[in-house]
Amino acid sequence: MRIKFTLNSRPRKDGRQNVRIRITNGRNDKEFRIQTSINILKEFWDDKEARVSKQHPNFDVINRALKKYKDRKEHCIDKFD
């Protein structure tokens, strides 16, 4: 099972994009996308690290929220593996 944070490809009217959790299990299995309550501009997203860059004024708060999602994700993976 692979879980990754991505940005929604469609920006909102204000230009921000929703951070999504993408869940896949193998290559041919179905992919699930879950929306979070986090919306940021694409220029502040670090796709390689899957977190908000330090140029964003509230990067520490948002990255803490993402860490909570990551911790829950690890718990779920341990539970189902």
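The values are calculated or read from the model by the stated rules, or taken from the named source; none is laboratory data. None of the values given here were measured: they were computed from a predicted structure. Because the Cβ atoms are built from the backbone with ideal geometry, glycine has one as well, and the counts that use them run over all protein chains shown. Calculation scope for accessible area: heavy atoms of the full protein, side chains included, ligands and nucleic acids excluded. Shrake-Rupley method; radii C 1.70, N 1.55, O 1.52, S 1.80 Å.
Among the residues of the stretch 22-59, write down those that are touching a residue at least 12 places away in the same chain (Cβ under 8 Å), touching a Lys or Arg at 6+ places or on another chain (Cβ under 7 Å) and closer than 21 Å to residue 72 by Cβ.
22, 24, 33, 34, 35, 36, 39, 40, 50
Restricting attention to the stretch 32-75, which residues are aromatic (Phe, Trp, Tyr), at pLDDT 90 or above and either more than 16 Å from residue 7 (Cβ to Cβ) or not in a helix (DSSP H, G or I) (or both)?
Hit for the stretch 32-75 is 45, nothing else.
Could you say which residue among 29, 78 is open to solvent by 100 Å² or more (accessible area, probe 1.4 Å) and modelled with pLDDT under 90?
78
Kindly list the number of the only condition in (1) surrounded by 12 or more Cβ atoms within 10 Å (Cβ to Cβ); (2) outside any strand (DSSP E or B) that fails for residue 22.
It fails just one condition, (2).
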